Amino acid sequence: MSIAIKIALAALIASSVSGPVLAGGADLYVEKNCIACHGANGDKPVMNAYPRIGGQSEMYLLAQMKDIKTGARNNSHSLAMKNVMGNVSDSEMATIAGWLSKQSQ
Ligand code: HEC
């Protein structure tokens, strides 16, 4: 059996064991409306005052999302996003941060 087939089989087994497929970062990013302000891959904010988030480090992105959600980060622009974050759980934030960090800047 070739290595490629073994890897494909291992992935298939792993995915069937892990149960229902959870929404990926790309789906959540659209579903939670992040795309409306930050652009398709986090690289085209709708306003110059909004940050580009695609390709930023995963840990940084997650920390900023949490801080905006809790209000620890609070400036004249934070409120626009804070309202959305009430509808985003910690695990959803982590999934989105992981996906965003892999987008190009
Ligand atoms: C209504 C517009 C809006 C929406 C919707 C929105 N954001 Fe934001 N986001 C902003 C603004 C404005 C800031 C800058 C806020 C600040 O400086 O505190 C920001 C900041 C961020 C930051 C910090 C960036 C940095 O460089 O520090 C991250 C990460 C982020 N948003 C991710 C998301 C994710 C993920 C979603 C969807 C769950 C989302 N945003 C939805 C407007 C929005």
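Derivation of every value follows stated rules applied to the coordinates shown; laboratory data play no part. As the structure is a computational prediction, the values presented were derived from the model and not from experiment. Here the Cβ is made from the backbone with ideal geometry for all residues, glycine too, and neighbour counts use every protein chain on show.
So for region 27-105, averaging the separation of alpha carbon pairs under 8 Å that are six or more residues apart and normalising by length, what relative contact order in percent results? Each step should come with its number before you reach the end.
Working: 88 pairs, mean separation 30.8, N = 79.
Relative contact order comes out at 39 percent.
Among 53, 35, the ranking by other beta carbons within 10 Å of each residue's beta carbon, starting with the fewest, stands as 35, 53. Compared with the alpha-carbon gap, the fully stretched path from residue 94 to residue 82 is longer by 2.7 nm at 0.36 nm per residue.
Determine the shape class of region 39-79: with a ≥ b ≥ c the square roots of the Cα gyration tensor eigenvalues, call it rounded for a/c under 1.5, and otherwise prolate if a/b is greater than b/c, oblate otherwise. Before the final figure, lay out the partial values.
Numbers: a/c = 2.81, a/b = 1.23, b/c = 2.29.
It comes out oblate by the Cα gyration axes.
When peptides 92-102, 38-48, 73-83, 59-69 are ranked by their average number of other Cβ atoms within 10 Å per residue, the highest-first order is 92-102, 59-69, 38-48, 73-83.
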